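Engineer: Before we start, here is the structure in question, set down as structure tokens.
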Amino acid sequence: MMTNIIDGKSIAAKLRSRIANEVESLKQQGIHPGLAVILVGDDPASQVYVRSKGKQTKEAGMNSFEYRLADNTPQEALLELISKLNQDNSVNGILVQLPLPRHIDEEAIINAIAPQKDVDGFHPINIGLLSTGGKATIPCTPLGCLMMLKDQLGDLSGLKAVVLGRSNIVGKPMASLLIKENCTVTIAHSKTTCIEDECRQADILIAAVGKPELVKENWIKPGATIIDVGINRIKDTENNSKLVGDVDFINVSKKSGAITPVPGGVGPMTIACLLLNTLTITLRQNN
Ligand code: GUN
């Protein structure tokens, strides 16, 4: 069976161009969307993500406000900055890049962001709204995964979906979104007995566990659609490393109906959805 490679890069580029057009017409009405991104510390991967977010925000015609704080920034100082941004009318969305240094309480920080400016959809109000089917801001990575699934499959009603991983950022909101799309959803995780058996039932498999190439060809139902959220850097040769997902792409793609590559799948969609969320919350704030 020839699998279809889901081109996240190209779907994201189309989405970004649609967003840029909408931003342009909003600006003609005197509304200029603005996104504030806060990075605490010097985690190399976070620095790459934050740089990319800032660049794409500007390319979409939005204002990008970047705050880079030292690793030893006190929690109080971060809370003060968030409070200032909550009250700043030129800032529509606030994102605090995770993970935070260990001395900072992540939950306290997320809770301090005004729910209407919570562009990540991590605030308990938005999580609650997503679970109850209300007007939530949907976390960017699951939203991007859902868009690729719909692009590939159209209506998802009645399909069996297995989500590998139960994180607050991906696994749990992904499951909520798939339930909303009328899928039958299983969340499998590190304590699930016989995880392979669960996966073999899946028409849709979302892998978000952060374990390089965990999902093997014999875990897959023939023709299944596979979304790989993992971004793992592994040693390639003595002096080189490479990025791989949570799925053994080369072998799984022999059996799947469609699959996202790493890189070039979920990653570009996550940032495009961040821009989409910034636009959506700007519109909500101006209505
Ligand atoms: N770290 C890894 N992914 C994310 C994300 O989607 N949002 C934030 N704020 N931090 C992250």
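We did not get these values from a lab; they are worked out from the coordinates using the rules stated. These figures come from a predicted structure and were not determined experimentally. Please note: Cβ atoms are built from the backbone with ideal geometry, for glycine as well, and neighbour counts cover all protein chains shown.
Engineer: Take every DSSP beta bridge with both residues inside region 140-267 and express the antiparallel ones as a percent of the total, to the nearest 5.
Structural biologist: Numbers: 4 of 20 bridges.
That works out to approximately 20 percent antiparallel.
Engineer: Rounded to the nearest 500, what is the chain's calculated 222 nm mean residue ellipticity when only DSSP H runs of at least 4 contribute -39500 (n - 2.57) each, over all residues?
Structural biologist: Numbers: 10 runs with 119 residues, N = 287.
Mean residue ellipticity at 222 nm (helix-derived): -13000 deg cm²/dmol.
Engineer: Considering all projection directions equally, how large on average is the shadow of the alpha-carbon convex hull of region 140-267, in square nanometres?
Structural biologist: Working: hull surface 30.2 nm².
It is 7.6 nm².
Engineer: Report the extension gain between Ser90 and His32 in nm, rounded to one decimal, defined as 0.36 nm multiplied by the number of residues separating them, less their alpha carbon distance. Please report the intermediate quantities before stating the final value.
Structural biologist: Numbers: separation 58, 0.36 × 58 = 20.88 nm, distance 0.77 nm.
Here the answer is 20.1 nm.
Engineer: To continue, here is another question. How many nm separate the modelled label positions at Arg233 and Leu153, each set 7 Å beyond the Cα in the direction of the Cβ?
Structural biologist: Taking the simple label geometry, Arg233 and Leu153 are separated by 3.3 nm.
Engineer: In region 140-267, how many lysine pairs have Cα atoms under 20 Å apart, counting only pairs 8 or more places apart or on different chains?
Structural biologist: For region 140-267, qualifying lysine pairs total 22.
Engineer: Now for a separate question. Does anyone have the angle between helix 8-28 and the longest principal axis of the chain? Alpha-carbon axes, 0 to 90°, nearest 10?
Structural biologist: 20 degrees
Engineer: Mind checking which of Ile259, Asn168, Asn89 is farthest towards the positive end of the chain's charge dipole, using Cβ charges of +1 (Lys, Arg) and -1 (Asp, Glu) about the Cα centre?
Structural biologist: Ile259
Engineer: Related question: So how strong a dipole does the chain carry about its Cα centre when Lys and Arg Cβ are +1 and Asp and Glu Cβ are -1, to the nearest 20 debye? Don't skip to the answer; put the middle values down first.
Structural biologist: Values: 30 positive and 30 negative charges, 109 e Å.
Rounded to the nearest 20 debye, it is 520 debye.
Engineer: What number results when the radius of gyration of the chain, computed over Cα atoms, is divided by 2.2 N^0.38 Å? Intermediate values should be presented prior to the final figure.
Structural biologist: Values: Rg = 19.1 Å, N = 287, 2.2 N^0.38 = 18.9 Å.
Against the empirical 2.2 N^0.38 Å value, I get 1.01 for the chain.
Engineer: Another question, if that's okay. Each label point is 7 Å from the Cα along the Cα-to-Cβ direction; what then is the distance between the points at Leu243 and Gln75, in nm?
Structural biologist: Going by the 7 Å Cα→Cβ label model, 3.3 nm.
Engineer: Something else: Based on the Cβ-Cβ distance from Asn251 to Glu66, what FRET efficiency comes out when R0 is 30 Å, to the nearest 0.05? Kindly include the intermediate steps, with their values, before the conclusion.
Structural biologist: Working: r = 41 Å, r/R0 = 1.36.
The value I calculate is 0.15.
Engineer: When a/c reaches 1.5 or more, the comparison of a/b and b/c decides; with that in mind, is region 30-114 rounded, prolate or oblate per its Cα gyration tensor? Numbers along the way, then the final one.
Structural biologist: Working: a/c = 2.48, a/b = 1.30, b/c = 1.90.
Oblate shape, in that a/c is at least 1.5 and b/c is the bigger or equal ratio.
Engineer: Now for a different question. Suppose the chain between Ser83 and Ser52 were pulled fully straight at 0.36 nm per residue; how much longer would it get relative to their current alpha carbon spacing? Numbers along the way, then the final one.
Structural biologist: Numbers: separation 31, 0.36 × 31 = 11.16 nm, distance 2.49 nm.
The Ser83-Ser52 span can extend by a further 8.7 nm.
Engineer: Now a separate question. Quick test of your reading: applying the under-4.7 Å Cβ rule, which cysteines of the chain are isolated?
Structural biologist: Taking the Cβ cut-off of 4.7 Å, the unpaired cysteines of the chain are Cys145, Cys183, Cys194, Cys199.
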